[in-house]
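Notes to accompany the following structure.
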Amino acid sequence: MQYISTRGQAPALNFEEVLLTGLASDGGLYVPATLPRFSRDEIAAMAGMDYPQLAQRIIEPFVGDCIPREDLREIIADTYAVFRHGAVAPLVQIGHNQWVLELFHGPTLAFKDFALQLLGRLLDYVLERRHQKVVIMGATSGDTGSAAIEGCKRCKNIDIFILHPHDRVSEVQRRQMTTVVGDNIHNIAVQGNFDDCQAMVKASFGDRGFLPEDRHLVAVNSINWARIMAQIVYYFYAAVALGGPARPVAFSVPTGNFGDIFAGYLAHQMGLPVAQLIIATNRNDVLHRVMTTATYGRQSLEHTLSPSMDITVSSNFERLLFDLYDRDGDAVAAMMRDFDRGDIHFSDTAMQRARALFSSYRVPDEETCAQIAAVWQESEYLLDPHSAIGVKAALASGIGDGIPVVTLATAHPAKFPQAIQRAVVGCEPPLPLHLSDLFDRTERFEVLPCDLAAVQAFMANNLGA
Ligand SMILES: *Cc1c(COP(=O)(O)O)cnc(C)c1O
């Protein structure tokens, strides 16, 4: 399997190379040159598979001959064994034709574990084979940092440095990062804000000279192809459980960077009957504006009760654009250059294609709280604020009666206690048992000034892998 850049200029790579590469050298994102396709019979045959078996079936063609089959099987089995539910991604019915796919049974209680648990293991496997060690650097305002750290904690060939803004992430989120023990795990609390952290990461990727020559810098943000790949699996899993391929299914996806929902689009392109993909956003509605006005433009950031979707630019959207414009890398490159200068507008053809599969809905905080309360009163089922946005959008979508709608539940409600208490007075969702002592665990992090040289010196002096 070969991977090509959405901007058409960077060299094609194989799976192993794409795993170790973030952004393509032309500024684009890597996508498969051709997608594997499954026939209806092949999809029907997925019905009896458990989650790891299905993951193997979906992932194998993307990996190609880069990893022997038996080794891949072990990596996948190991990855999903750490999830605390026998089904890995259980489906829960919350109403007539309304379902929730619980993606929060991983170690950090958010769906990012599905991809980052696998990514850490895949990276460590190929690094071992190449006799190479790498440094992962990232900035986080919440979920990504802890999921990346948990994903790398047993990796012998990876040092991971995660920057968070000092005193500006929630205590649960901070503790999920800083209580993970390992010589290769480094939490840095920067005396600045999230943008400062992100700027330092960007600057470090631009000039990697502060690290020893043999230590490559790797990004694990949501543009990494392997993350998207891992997320395709649960679309097949849910659809087949609900009667696919005979019965089409719709999905409602709480969306920020368009990674998770893009995986749903790929599942559809690979042959899975998907009736509709609903883009569910909070007030940071860049994607809802694309769908309703054919215009992609920046707006200022709004802080909401669903912080993991608080973004102004949706980086993975470029991957969809590439397809909407017939995989014309020059056209995408030109559009992204224009986007650096201002709003961009999409053609009627592109929008027709997008609207044939996608719809969108925007949910402000009041409606998010009302939705949490409504489902709680009806079924005593507690949605986290991100998932509630998905359910609200699913109910508003007006999809026909015969089609089940699956909302992806992207986080456990205990991660967002303030939002839950605002929605359901007096309700304090407990952390699951495996995290119940989170507030008693010892934290380990380094507070550093908002100074690039200080951060880089700390990194160079603390390589432990
Ligand atoms: C990251 C995240 C999202 C958004 O996912 P994208 O792939 O960026 O669209 C939604 N909900 C939660 C809880 C998240 O952590």
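Just so it is clear, none of the values below were taken in a lab; they were calculated from the coordinates. The shown structure was predicted, so the numbers you read here are calculated from the model rather than taken from an experiment. Quick reminder, even Gly has a Cβ in these numbers, built from the backbone with ideal geometry, and neighbours come from all protein chains shown.
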Subject >> All aspartates and glutamates inside 13 Å of residue 156 as judged from Cα atoms, apart from same-chain residues fewer than 8 positions distant >> reply: 124, 128, 183
Subject >> For residue 371, net neighbour charge (Lys/Arg +1, Asp/Glu -1) across residues whose Cβ lies under 12 Å away >> reply: -4
Subject >> Which of 30, 361 has the fewest Cβ neighbours within 10 Å, and the rest in rising order >> reply: 361, 30
Subject >> the range 1-65: relative contact order in percent, alpha carbon pairs under 8 Å with at least 6 residues between >> reply: 35
Subject >> Pairwise Cα inverse-distance average, inverted: Kirkwood Rh of the chain (Å) >> reply: 22.5
Original post:
If you average the sequence gap of Cα pairs under 8 Å that are 6 or more apart and divide by the length of the range 154-284, what percent do you get for the contact order?
Top reply: 19
Original post:
What is the sum of charges around residue 406, taking Lys and Arg as +1, Asp and Glu as -1, for the other residues whose C-beta is under 15 Å from the C-beta of residue 406?
Top reply: 0
Subject >> Neighbour-count ranking [beta-carbon atoms within 10 angstrom, fewest first] of 260, 401, 451, 214 >> reply: 401, 214, 451, 260
Original post:
With Cβ to Cβ distances under 15 Å as the rule, what net charge do the other residues near residue 304 carry (K, R +1; D, E -1)?
Top reply: -3
**OP:** For residue 392, go through the lysines and keep the ones whose alpha-carbon is under 26 Å away, minus same-chain ones fewer than eight residues off.
**Re:** 112, 415
Subject >> Relative contact order, percent, the chain [alpha-carbon distance under 8 Å, six or more residues apart] >> reply: 19
**OP:** State the Cα centre-to-centre distance between the range 219-293 and the range 332-406 in whole Å.
**Re:** 11
